[in-house]
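Enquirer: The following block contains the structure, expressed as structure tokens.
Quick note: the coordinates plus some simple rules give every number you see, no bench work behind them. No experiment lies behind these values; they were computed from the predicted model shown. Because the Cβ atoms are built from the backbone with ideal geometry, glycine has one as well, and the counts that use them run over all protein chains shown.
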Amino acid sequence: MNRPERGLAISTHSPVLTRVCMLLLLTSVAAGQVRGRRIMPVFDLDGEPLGTTADLQMAFGGTYASAQAEPTVSVQFSPGPIRVHVTIPNTGTPWAEEFLALIPAAPTAPGSSPLLILFHGAGQWPTNPIPALSVEDAASVMISDALARGWHVLIPLGGHAYNFGHADAQTNTELSLEVFMSMFGSSIDPSRVYGYGHSMGGGWLLAQAGLHCGVDDLRFAALFANGGTPSNSFTYETALNHSILDIIFGASPSTDPFAYSRSSAADISSTYPFPTDSTNAPVTNLVTTAIRSETCWWDRLQYKTAAHSLHDFLDTKPAPSHFTVPNCASPFHSWSMPNNVAVLNWMSGQTLTDPDPQMPQSLLTDRNAQVHYFQLHQRFPGQFSSLQYQLFSAIPNDKLILFEPQNLDLVSFSTSRMGITFAPDFEILVNTGGTVGPNLTITDVTTPQAVEGWDGTVWGPVPFTNLPAGGILLEETDNPPAIGTLIARWRITP
């Protein structure tokens, strides 16, 4: 798969070039810059020298963002698949982004091709002159098999080679997905998007999927974490040298736990019996995503321990998870450690499904974002926000219960997207758990006949606001909970 890349002059009538023009619209107009630091050595987790902070670009395997530079696209045509290498200099983060896309040679019917997204391990690039560092080379068997099945393949960089799923890496990865879909999205079946993460990429994949999982997002039908580092705080505590994590996250887990938690599948204690913290685990959002976390008898102790702990945690959740400890062909922690063809066979049987709102669901977000059916706006940034919900249908009317909202200023949702009916009306119950409740926006209800609140004895009219873009705003202060209860209620008659 490693071939010398050659840029091609592409006709202005080329469909590829037309789609590439979307790059300028999808990148931000300003990019951050990396702050200067005192020059010091940079080591990997095993204590091997990577470079110095005088040249973080070289040490980290990335490129600083540049607001002046323009996106570039290199396309290589051959008798086999089309190879597209895209660089995005202006991302809104301190780091530029690049991705490698491999397109099957045979024609693809619209909306029919599954998409395989590969998340690289620490120190690796999507493509690199050194084969040992190139995902294109290390995962060549998997890539070739996926292309032979008619799948598209996407390999994002995530800012740099040692990103550990950092928030900036998640932003860059999301941008890679947006740009890729602007170029090739008409060919992709959105119900069959699969993610494979190796080593560091296993944790990055699970955190990325967990925190970017609104029903309108490009979501994963199945995730495979090969070994990996699902908890960055665990990785920090078990590393022989953690100077690279100090630089990436700007602090230790004890100093800034939020930075590590938001970049992990879950927080796992580094002391026996290695429990997982369920209160701030982004992977809990992946209730309908098939997850397979795999490690090996020959794998490094910290990878095995973290993978086992994550598996035990997933087993307490309704997500369709599975775990194996295979007989490995070699003692090396590598992309080929599992049977890659078997992994693709497993993925091919998985199809995306939406969460069932009539089952109790838990949401977690680290920012203003869509999670499941809800757009969540935080009251205070720089920490997690959470919400639980469940829909009860036709008793005698549909009732949506929102449990214990934490750090939320506004919760927005669409009744039609959730399958809620107004027959004859619809009720919302909010159990605040003693905290300040959020305001609510319902996006597909316009000028209802009545909006009422419950004062503990009777229903009575309460104010609401019609929104210019459609929908209504229900303000929590207009319907305070009755004395002695923790529930504020609305009844909406369309």
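Enquirer: What is the order of 474, 218, fewest Cβ neighbours within 10 Å to most?
Expert: Lowest to highest Cβ neighbour count: 218, 474.
Enquirer: By the scheme Lys and Arg +1, Asp and Glu -1, what is the net charge of all other residues having a beta-carbon under 14 Å from that of residue 464?
Expert: Values: positive: 489, 491; negative: 425, 452, 475, 476, 478.
Summing Lys and Arg as +1 and Asp and Glu as -1 gives -3.
Enquirer: Under a Cβ-Cβ cut-off of 12 Å, what is the net charge of the residues other than residue 168 that fall near it, where Lys and Arg count +1 and Asp and Glu count -1?
Expert: -1
Enquirer: Can you tell me what the convex hull of the Cα atoms of the stretch 159-281 projects to on average, as an area in nm²?
Expert: Reported value for the Cα convex hull: 8.1 nm².
Enquirer: Helix-only mean residue ellipticity at 222 nm, the chain, DSSP H runs n ≥ 4 weighted -39,500 (n - 2.57), per residue, nearest 500. What is it?
Expert: Working: 13 runs with 105 residues, N = 494.
Using -39500 (n - 2.57) per qualifying helix, the result is -5500 deg cm²/dmol.
Enquirer: Take the alpha carbon atoms of the stretch 209-274, find their center, do the same for the stretch 78-123, and report the distance between the two centers in whole angstrom.
Expert: So the separation of the two Cα centres works out to 24 Å.
Enquirer: Which whole-number percent is the relative contact order of the stretch 175-306 (Cα, under 8 Å, 6+ apart)?
Expert: Once normalised by length, the contact order is 28 percent.
Enquirer: Given 10 Å bins starting at zero, what is the percent of C-alpha pairs of the stretch 361-493 in each, up to the one with the largest pair distance?
Expert: Result returned by the calculation: 12, 46, 36, 6, 0.
Enquirer: How much of the DSSP bridge set in the stretch 168-314 is antiparallel, in percent, rounded to the nearest 5? List each step's numbers first, then the result.
Expert: Numbers: 2 of 12 bridges.
About 15 percent, rounded to the nearest 5.
Enquirer: Efficiency by 1/(1 + (r/R0)^6): what FRET value for residue 255 and residue 148, r their Cβ-Cβ distance, R0 = 45 Å, to the nearest 0.05?
Expert: Working: r = 48 Å, r/R0 = 1.07.
Result of the calculation: an efficiency of 0.40.
Enquirer: Net charge within 10 Å of residue 392 by Cβ-Cβ distance, Lys/Arg positive one each and Asp/Glu negative one each, not counting residue 392 itself? If you can, show how the numbers build up before the last one.
Expert: Details: positive: 399; negative: 398, 427.
So the surrounding residues net to -1.
Enquirer: Given contacts defined as C-alpha pairs under 8 Å and at least six residues apart, what's the relative contact order of the stretch 361-493, whole-number percent?
Expert: Relative contact order, the stretch 361-493: 21 percent.
Enquirer: Going by average Cβ neighbours within 10 Å, how do the peptides 142-155, 199-212 rank, with the highest at the top? Walk me through the numbers before you get to the answer.
Expert: Numbers: 142-155: 21.2, 199-212: 27.8.
The most tightly packed comes first, giving 199-212, 142-155.
Enquirer: Same structure again: Considering only DSSP beta bridges whose two residues both sit in the chain, what percent are antiparallel, to the nearest 5?
Expert: 65
Enquirer: Between residue 388 and residue 82, what length comes free when the chain is fully extended (0.36 nm per residue of separation minus the Cα-Cα distance, one decimal in nm)?
Expert: So the extension gain works out to 105.7 nm.
Enquirer: Show me the ranking of peptides 338-349, 282-293 by mean Cβ neighbours inside 10 Å, starting with the highest.
Expert: Averaged packing, sorted descending, gives the order 282-293, 338-349.
Enquirer: Quick one: compute the contact order of the chain, relative version, from alpha carbon pairs under 8 angstrom and 6+ residues apart, as a percent.
Expert: About 10 percent, as a whole number.
Enquirer: Let me ask something else. If we sort 71-81, 183-193, 165-175 on the protection proxy, mean other Cβ atoms within 10 Å, highest first, what's the order?
Expert: Most protected by this proxy first, the peptides run 165-175, 183-193, 71-81.
Enquirer: Same structure, new question: Normalise the Cα radius of gyration of the stretch 58-185 by 2.2 N^0.38 Å (N = residues in it) and let me know the number.
Expert: Cα-based Rg divided by the globular estimate yields 1.02.
Enquirer: Calculate, in nm to one decimal, what residue 423 and residue 358 gain on full extension: separation in residues at 0.36 nm each, minus their alpha carbon distance.
Expert: Gain on stretching residue 423 to residue 358: 21.7 nm.
Enquirer: Continuing with this model, one more query. Ratio of Rg to Rh for the stretch 237-320, alpha carbon only, Kirkwood?
Expert: Checking Rg against Rh, the ratio lands at 0.97.
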